[in-house]
Amino acid sequence: MISQFFVLSQRGDNIVFRDYRGEVQKGSTETFFRKVKFWREDGQEEAQAPPVFNVDGVNYFHVKVAGLLFVATTRVNVSPSLVLELLQRIARVIKDYLGVLSEDSLRKNFVLVYELLDEVIDFGYVQTTSTEVLKSYIFNEPIAVDTARLPPLGPAAIFMQGSKRMPGTAVTKSVIANEPAGRKREEIFVDIIEKISVTFSSSGYILTSEIDGTIQMKSYLSGNPEIRVALNEEMSIGRGGRSLYDYRNSSGSGAVILDDCNFHESVRLDSFDMDRTLTLVPPDGEFPVMNYRMTQEFRPPFRVNALIEEAGNLKAEVIIKVRAEFSSSITANTIVVQMPLPKYTTRATFELEPGAVGQIADFREVSKKLEWSLKKIVGGSENTLRAKLTFSQESHGNITKESGPVSMTFTIPMYNASGLQVKYLQIAKKSSSYNPYRWVRYVTQANSYVARM
Amino acid sequence: MSGHDSKYFSTTKKGEIPELKEELNSQYKDKRKDAVKKVIAAMTVGKDVSSLFTDVVNCMQTENLELKKLVYLYLINYAKSQPDLAILAVNTFVKDSQDPNPLIRALAVRTMGCIRVDKITEYLCDPLQRCLKDDDPYVRKTAAICVAKLYDINAELVEDRGFLESLKDLISDNNPMVVANAVAALAEIQENSSRPIFEITSHTLSKLLTALNECTEWGQVFILDALSKYKAADAREAENIVERVTPRLQHANCAVVLSAVKMILQQMELITSTDVVRNLCKKMAPPLVTLLSAEPEIQYVALRNINLIVQRRPTILAHEIKVFFCKYNDPIYVKMEKLEIMIKLASDRNIDQVLLEFKEYATEVDVDFVRKAVRAIGRCAIKLERAAERCISVLLELIKIKVNYVVQEAIIVIKDIFRRYPNTYESIIATLCESLDTLDEPEAKASMIWIIGEYAERIDNADELLESFLESFPEEPSQVQLQLLTATVKLFLKKPTEGPQQMIQVVLNNATIETDNPDLRDRAYIYWRLLSTDPEAAKDVVLAEKPVITDDSNQLDPSLLDELLANIATLSSVYHKPPDAFVTRVKTTVQRTEDDDYPDGSESGYAESSSHVADGVTSPQASSSSVPAAARQADPAPAPAPVPDLLGDLIGLDNSAIVPVDQPSEPAGPPLPVVLPASTGQGLQISAQLTRRDGQIFYSLLFENNSQVALDGFMIQFNKNSFGLAAAGPLQVPQLQPGASAGTLLPMVLFQNLSTGPPNSLLQVAVKNNQQPVWYFNDKIPLIAFFTEDGKMERTSFLETWRSLPDSNEVSKDFPGAVVSNVEMTLDRMAASNLFFIAKRKHANQDVFYFSAAIPRGVPFLIELTLVVGVPGVKCAIKTPSPEMAPLFFEALETILKI
């Protein structure tokens, strides 16, 4: 069990503090913050503090959510994954209730937050983190904060950027807040979010590729109807013979082979083995219906080519090409390409393609990195960046080894790499006039997308 | 609701407290509620609003739940500082606990349990009794946790009022939430008690396994963790348990998955069918890998656990090495752990892939990570003979990039590679020498110098190279000086020409006359004497063949690994330290039975003692005083003695020949630490501990036969040890049928087979029987067992002895984690261990206590403890004619203080 729970701002201010057992001294918040801020190990230079550590017999756990530090302490030999998972869930529950998770919203709603914390944990033992269950015990109402300038939270938040099709306010709506009109809008969101990791070798060959996917759901349906979600029928779990899988088109509906998957506790799998449908009564709040992992080969959305060549005395040239290998009806956005340059680089000048719009290239002097950001890339297109570098000293003759790898971050809405699909979403409710909004959305994001040089 | 809560944080010009007081007493409900909110706001930012206690409590009697909760929150915070006023609230609490609304009933019980005021506790019992039997599950589950709260305040009360029985009844409750909380409460109570309270029988086991399926995710973790202490009777039962736990591996909650993995691993130890084991390994792999898709914080925990798991069962993830490749955006703490596991999984089959990765990492930005990657290449070279050459060529490539810290790190690992494969890769020395003048880190310098000295005959200009270092000899760190000294001697022995001869003069001069470092001086004198008396002997010594090294730098000691594996999915598995190395509970409400108090053997002891052991192994409380020495230290100081030596010693001893077993056993009472786990002893498990009874030392042993055959003919033998402990009579263990266990008390004598050297607590034991090979294990000698009953000194003789002993005989140590909260109890405990109280005085705000004790042959200990009651931190100073015993004494004292 845990002893204390607290939330600190990035500056170390105490925003929420709850002591459940009175066995850890009062100064724990300062001790924790000092330790995290000035983490050192074996006399090495500053490093990042691990999520679990011990100071004077007190064990500290922390996770970072929305720029805030969620911390728990204990003196006993607890399950660390339980505590870390709990901290994530507390963040999610608070977000469900407040609509937005930020220092401001926590401060404005501290009474509600304490009420939640008392129901979530008793004497250090987790009672429930289900937004749904908690509803019967919570009496305070949330106070809305200005959402316009706040950084969004949670995987579904990526839908808020750019795309106009998404009703932006829905995601920052509290589960217990009433609509101004007095009537709730009947809607349900099902998001298929995939984070892809690809490592290309210097010759462009794929070394590793992996997809971490989540089917995320957020339901605002009244009366808690049962929902059926049907996935690809041709889906198998667990790799049998490796290296046997064939190369599939990412947009095709071929067989999907998952390495492993797991499900939310509300999901019933009675017919899953037969027809790949999941049945559930969605609880309130945002939650992952299913998580899956896949190492089956897939076509990576981008091909990256990077080249660095010496071009005369103390000079070099860099060429980076990014080719989008998905359909032209799809557009990727917020793309950032980064490449570390040799340490002795002093200057870089850039040359973008003629007619390039929404592109910025920059040389980060301190970290010696090239950064190229593109507002969007349309499927099928190719973008090139040329840079001329100036060095302060001779290279050791191996300039390629001293630069790179090129890494990329991006978001591609309405695209998924695995081929996993929600075939239909059935809401069991008798009335014929009942036709709630159903939003099934796909998005793919880069996790670790790297091309070596 | 009106406006924002944050407005409550604003201050007013008119004094804040009087204004709040006025508002709290307002006739308007809303105003009162707002006022309480303001009070809470002030409280959370650390302002003292305790003076409003009465006014806030007056708001308690309300139907408004929102307001009631706020008042309760206030009460929990301030009741302790206002115990007399807190009584005012009792009536409302008791009334609320009978409210028709279950939420209010639960709220009342929950809050009362959080108010740690004795007077309130008395009133809590009746409501708690009612609520444990409430119709509403929400009330029952709250009451279950409340029993644990009450136990923490007043354990006796809980036992007297029969709450433990009610709690056990709740295990059969029809609501899984209630079951989970009852399990959590019982597990906590058990942890703080030395009596068996919560024993998992096969009956409770099946009940809990059934409840598991309906529980919330958190409840599943409570139950799985409680069940992991259960020891299955045989392989069949183990398989049954595993079968019912395996579906938990599919859970989205990582804590559930890891706890399920722990449980399966535990039961696997008992499963004999290799097919079943292989199949289980296969099932566990994907969920373990999936943990690496969670948030980085959870990945870190998963990786630390996987590190342990692959040491025991390398096959589980043998094919999954790719998932441990570092991602570009992994936090550094995740990358470091992945590297460690990659080294563990590296094999001839995947080494090319792995090296490609390491090479890439070695050019990244983060210096620590780069260094570790270079080291990883070296460790793979040492681990995989066939890949060594490839590893070296990667290292050479990296050296050519000429990044300073990469070069230095590479040289350090190449030195190790030379140690592992002598006379194989010297051709690369020339390349290394190119980087000579860029070396500025002591370890790299020392490594390079070692290489030059070791291969002096093959390096043409070895003398020039070494000479370049000699100029700065006096300024070098001692690590480099020592290597320079040895390397110069090697050079001289290999090439006894004029140059080296002059160099050796300079070095020996520097290292003997102009240094304050005793290590360096001693080594230099030895060389000097060797060289001047017998240069040939010097050659034999200095140029002797060195033992080949292996890569065990991150391999854990087997007994420690055993203990850590039993603690998978706990903090212990993240720190890679046994629980008692970091668990320090401040409050302890334990009526601990002393060793002496154990009831002497009764016939019924058999079954009970085995279940004791099951609890004892996993509960940190019990293990704190009992884990064998080797397992307790992260760095296994006493390396397990090589087997042939020990055997030789044993057989060579004539004063106590191996003793046969011929008499019926005597049951043992206390939970003994396991010294030979069943996994090591082919099913035979031995638990043992030295204890003192009626002025005599006994070795209390428990034998459990988990193997498939009957075992008989037990004999025992002790190796030489610091106290000369040996068996005073034969070991008395009857034939053990499979599944049976027997305990015995073996009388011991002292000063029989004394070992030389400084005293240490290592006790090496050999046990044999007619069916199995000889088992060797290490135990720890607790000094507690040696304190004699006649150790009490008179005040005057204490003072005289203290003065007569020189100051050099005084040793002191701080125990920052130890707390004395009840002086009387501590004195009683000390006395029970034959540490006798002499006097007490006050010094500033601290209390100073004096004690005396003695160990056999009349060696006295004079003890001074300085502390502040209730505050962590105890300073202990001792004076004794045998100061070399001090470390053992402090260990003993720590055990006593910790209880």
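The values are calculated or read from the model by the stated rules, or taken from the named source; none is laboratory data. None of the values given here were measured: they were computed from a predicted structure. Neighbour counts are summed over all protein chains in view; Cβ atoms, including those assigned to glycine, are modelled from backbone coordinates with ideal geometry.
Among the residues of the range B:744-755, the one identified as in a loop (DSSP other than H, G, I, E, B) and either within 30 Å of the chain's Cα centre (by Cα) or not assigned by TED's automatic domain parsing to the domain that holds B:Leu672 (or both) is B:Ser755. Evaluate the following for B:Leu270: is it more than 10 Å from chain A (Cβ to nearest Cβ), part of a helix (DSSP H, G or I) and of a type outside the set (Lys, Arg)? No; evaluated as a whole, the condition is false for this residue.
Looking only at the range B:351-370, which residues are within 15 Å of B:Asn404 (Cβ to Cβ), more than 9 Å from every other protein chain (Cβ to nearest Cβ) and in a helix (DSSP H, G or I)? Answer for the range B:351-370, where residues must be within 15 Å of B:Asn404 (Cβ to Cβ), more than 9 Å from every other protein chain (Cβ to nearest Cβ) and in a helix (DSSP H, G or I): just B:Val370.
Applying the criterion of being within 30 Å of B:Thr584 (Cα to Cα) and among the acidic types (Asp, Glu) to the residues of the range B:790-815, the residue that is surrounded by the most Cβ atoms within 10 Å (Cβ to Cβ) is B:Glu810. Considering only residues in the range A:63-82 that are farther than 20 Å from A:Leu106 by Cα and among the β-branched types (Val, Ile, Thr), the one that is farthest from the other protein chains (Cβ to nearest Cβ) turns out to be A:Thr73. Answer with yes or no whether A:Gly67 is closer than 24 Å to B:Glu188 by Cβ, surrounded by fewer than 20 Cβ atoms within 10 Å (Cβ to Cβ) and in the same structural domain as A:Val120 (by TED's automatic domain parsing). No, not satisfied. Listed by position, the strands (runs of 3 or more DSSP E) enclosed by the range A:389-453 that each have at least 2 residues that are surrounded by 17 or more Cβ atoms within 10 Å (Cβ to Cβ) and in contact with a Pro (Cβ under 6 Å, 6 or more places away or on another chain) are A:437-451. Checking the stated criteria, B:Tyr138 turns out not to satisfy the condition of being in a helix (DSSP H, G or I), touching a residue at least 60 places away in the same chain (Cβ under 8 Å) and either surrounded by 18 or more Cβ atoms within 10 Å (Cβ to Cβ) or within 14 Å of chain A (Cβ to nearest Cβ) (or both).
Would you confirm whether or not the range B:115-122 contains a residue that is surrounded by fewer than 20 Cβ atoms within 10 Å (Cβ to Cβ), over 38 Å from the mean Cα position of the chain (by Cα), among the β-branched types (Val, Ile, Thr) and at pLDDT below 90? Scanning the range B:115-122 turns up no residue that is surrounded by fewer than 20 Cβ atoms within 10 Å (Cβ to Cβ), over 38 Å from the mean Cα position of the chain (by Cα), among the β-branched types (Val, Ile, Thr) and at pLDDT below 90. Scanning the range B:77-96 turns up one or more residues that are in contact with a Lys or Arg (Cβ under 9 Å, 6 or more places away or on another chain), within 9 Å of chain A (Cβ to nearest Cβ) and closer than 16 Å to B:Lys119 by Cα.
The rows are residues; the columns are (1) assigned to a strand (DSSP E or B); (2) modelled with pLDDT under 85; (3) aromatic (Phe, Trp, Tyr); (4) under 25 Å from the mean Cα position of the chain (by Cα).
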site	(1), (2), (3), (4)
B:Val675	yes, no, no, yes
B:Ser679	no, yes, no, yes
B:Gln685	yes, no, no, yes
B:Ile697	yes, no, no, no
B:Leu702	yes, no, no, yes
B:Gly713	no, no, no, no
B:Gln732	no, yes, no, no
B:Gly739	no, yes, no, no
B:Ala742	yes, no, no, no
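Checking B:Glu475, B:Glu457, B:Glu467 one by one, the residue that is surrounded by fewer than 14 Cβ atoms within 10 Å (Cβ to Cβ), in contact (Cβ under 8 Å) with a residue 24 or more places away in the chain and of a type in the set (D, E, K, R) is B:Glu457 and no other. Return yes or no: is B:Leu308 buried (at least 20 other Cβ atoms within 10 Å of the Cβ), assigned to a helix (DSSP H, G or I), touching a residue at least 40 places away in the same chain (Cβ under 8 Å) and under 25 Å from the mean Cα position of the chain (by Cα)? Yes; evaluated as a whole, the condition is true for this residue. Selection of the range B:498-516 for residues being exposed (fewer than 14 other Cβ atoms within 10 Å of the Cβ) and in contact (Cβ under 8 Å) with a residue 12 or more places away in the chain yields only B:Glu514. Given the conditions (1) crowded, with 22+ Cβ neighbours inside 10 Å; (2) of a type outside the set (Ser, Thr, Tyr); (3) more than 7 Å from chain B (Cβ to nearest Cβ), which single one is not true for A:Glu85? Among (1) crowded, with 22+ Cβ neighbours inside 10 Å; (2) of a type outside the set (Ser, Thr, Tyr); (3) more than 7 Å from chain B (Cβ to nearest Cβ), the lone unmet condition for A:Glu85 is (3).
Each residue in the range A:1-24 was checked for being within 13 Å of chain B (Cβ to nearest Cβ), surrounded by fewer than 16 Cβ atoms within 10 Å (Cβ to Cβ) and either out of contact with any helix residue (DSSP H, G or I) (no Cβ under 7 Å at 6 or more places or on another chain) or in contact (Cβ under 8 Å) with a residue 40 or more places away in the chain (or both), and 1 of them qualify.
For the range B:405-435, name all the residues that are of a type in the set (S, T, N, Q) and under 38 Å from the mean Cα position of the chain (by Cα).
B:Gln408
Restricting attention to the range A:59-76, does a residue exist that is over 20 Å from the mean Cα position of the chain (by Cα) and in a helix (DSSP H, G or I)? Scanning the range A:59-76 turns up no residue that is over 20 Å from the mean Cα position of the chain (by Cα) and in a helix (DSSP H, G or I).
Residues that are in contact with a Pro (Cβ under 7 Å, 6 or more places away or on another chain) and touching a residue at least 40 places away in the same chain (Cβ under 8 Å) within the range A:68-99 comprise A:Tyr97, A:Leu98, A:Gly99, listed in sequence order.
Could you pull out the residue among B:Ala376, B:Ala318, B:Ala302, B:Ala388 that is surrounded by 22 or more Cβ atoms within 10 Å (Cβ to Cβ) and more than 12 Å from every other protein chain (Cβ to nearest Cβ)? Being surrounded by 22 or more Cβ atoms within 10 Å (Cβ to Cβ) and more than 12 Å from every other protein chain (Cβ to nearest Cβ) holds for just one of B:Ala376, B:Ala318, B:Ala302, B:Ala388, which is B:Ala376. Residue by residue through the range B:208-264, note down the ones that are within 12 Å of another protein chain (Cβ to nearest Cβ) and assigned to a loop (DSSP other than H, G, I, E, B). Matches in the range B:208-264: B:Cys215, B:Thr216, B:Ser228, B:Ala252, B:Asn253.
Residue-wise test of (1) assigned to a helix (DSSP H, G or I); (2) modelled with pLDDT of 90 or more; (3) within 41 Å of the chain's Cα centre (by Cα).
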{"position": "B:Leu482", "(1), (2), (3)": "yes, yes, yes"}
{"position": "B:Leu491", "(1), (2), (3)": "yes, yes, no"}
{"position": "B:Pro496", "(1), (2), (3)": "no, no, no"}
{"position": "B:Gly499", "(1), (2), (3)": "yes, no, no"}
{"position": "B:Arg523", "(1), (2), (3)": "yes, yes, yes"}
{"position": "B:Val548", "(1), (2), (3)": "no, no, yes"}
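Here are some residues: A:Gly380, A:Gly355. Which one is surrounded by fewer than 18 Cβ atoms within 10 Å (Cβ to Cβ), without any contact (Cβ under 8 Å) to a residue 40 or more places away in the chain, outside any strand (DSSP E or B) and at positive phi?
Only one candidate passes the filter, namely A:Gly355.
Report yes if B:Asn567 is modelled with pLDDT under 70, closer than 30 Å to B:Ile309 by Cα and outside the structural domain of B:Ala678 (by TED's automatic domain parsing), otherwise no. It is false that B:Asn567 is modelled with pLDDT under 70, closer than 30 Å to B:Ile309 by Cα and outside the structural domain of B:Ala678 (by TED's automatic domain parsing).
Of B:Lys21, B:Lys31, all but one fail to be surrounded by fewer than 19 Cβ atoms within 10 Å (Cβ to Cβ), touching a helix residue (DSSP H, G or I) at 6+ places or on another chain (Cβ under 7 Å), modelled with pLDDT of 85 or more and over 19 Å from A:Phe139 (Cβ atoms); the exception is B:Lys21.
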